[in-house]
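The values are calculated or read from the model by the stated rules, or taken from the named source; none is laboratory data. Computed from a prediction, not measured in an experiment: that's the story for all the values here. Heads up, the Cβs are rebuilt from the backbone with ideal geometry, glycines too, and the neighbour counts pull from every protein chain shown. What goes into the accessible areas is simple: the full protein's heavy atoms, side chains included, and nothing from ligands, DNA or RNA. Shrake-Rupley method; radii C 1.70, N 1.55, O 1.52, S 1.80 Å.
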Amino acid sequence: MTTGVRRRMGVDERRQQLIGVALDLFSRRSPEDVSIDEIAAAAGISRPLVYHYFPGKQSLYEAALRRAADELAARFLEPLEGPLGARLLRVMGRFFDFVDEHGPGFSALMRGGPAVGSSTANAMIDGVRQAAYEQIITHLGVEDPPARLELVVRSWVSLAESTALIWLDGRRIPREELEMQLVHDFAALAAVSAAYDREMAGIVLRALSQEPAEGPFGDLLARLAALAPAAAPAVPAQRLPSGNTP
């Protein structure tokens with residue numbers, strides 16, 4: 001049987017509550033449209049008490065952004081087991097889970113929102129990108145990534161961001177198709193780079209050697225083969241460049 005007496009929160013517990021409330025509101029509406037009064041009301045406290053824990057909405061936004069950034073970076077964590085294509089597909093599933101759950105907040109995060117011009121917010125966003133990059137490099141088993149591989153992985157992380165932002169504007173393409181398409185995009189970017197560089201070719205061939213025919217990369221090959229007319233002449237094989245330049 002409850003007494004109806006509200007339990008008094010400690011300083012850190014109250015801060016974490018406010019961050020959670022703010023993140024929930026920022027996830028449903030663009031942060032610039034959320035007021036301190038709304039945050040206070042949702043937390044069940046007064047406006048002055050919010051300012052007791054945070055000097056302003058910007059600092060509260062950045063605290064919520066930090067929590068969101070940490071959670072988003074964690075979505076790229078994946079056990080180093082099984083074929084690479086399947087791993088990337090699971091990562092994309094968790095990435096789009098986050099985008100789906102925090103749509104307006106994700107959009108504001110990537111486009112700047114009220115934190116535009118904030119070096120703190122920009123650093124957090126860059127931290128998420130760096131965490132994603134490092135995870136993919138780890139899955140490829142490369143300790144000292146060459147410049148072309150870095151270009152491929154960072155380009156793909158950027159592509160995933162922009163694809164998610166476009167998808168949020170109406171969700172006109174089935175989410176599952178985009179998740180698979182992004183895995184295919186990674187394979188395509190890596191394959192094009194491999195055509196220009198022997199080291200990249202070795203990395204790509206090593207990864208593909210462990211891929212099952214029914215996996216995401218095998219699915220891409222089947223889709224590409226279906227595009228080719230039956231009577232199309234065979235394309236002559238091209239030699240890989242002897243060096244690292246085309």
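Structure data summary
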quantity	calculated
Filter result for residue 90 (part of a helix (DSSP H, G or I), open to solvent by 70 Å² or more (accessible area, probe 1.4 Å) and under 16 Å from residue 27 (Cβ atoms))	no
Residues of the range 51-70 satisfying the condition of being open to solvent by 30 Å² or more (accessible area, probe 1.4 Å) and among the hydroxyl-bearing types (Ser, Thr, Tyr)	51, 53, 59
Close pairs (7 angstrom Cβ cut-off, 6 or more residues apart or separate chains): of a type in the set (Phe, Trp, Tyr) in the range 172-197, surrounded by fewer than 16 Cβ atoms within 10 Å (Cβ to Cβ) and at pLDDT below 95 anywhere	196/241; 196/246
Set 72, 25, 80: member being within 30 Å of residue 212 (Cα to Cα) and either in a helix (DSSP H, G or I) or among the β-branched types (Val, Ile, Thr) (or both)	72
Qualifying residue in the range 163-171 (condition: within 17 Å of residue 193 (Cβ to Cβ) and touching a residue at least 24 places away in the same chain (Cβ under 8 Å))	no
Out of 150, 179, 134, 143, sole residue that is within 24 Å of residue 86 (Cβ to Cβ) and either surrounded by 16 or more Cβ atoms within 10 Å (Cβ to Cβ) or of a type in the set (Lys, Arg) (or both)	179
Any chance residue 48 is open to solvent by 50 Å² or more (accessible area, probe 1.4 Å) and within 18 Å of residue 16 (Cβ to Cβ)	no
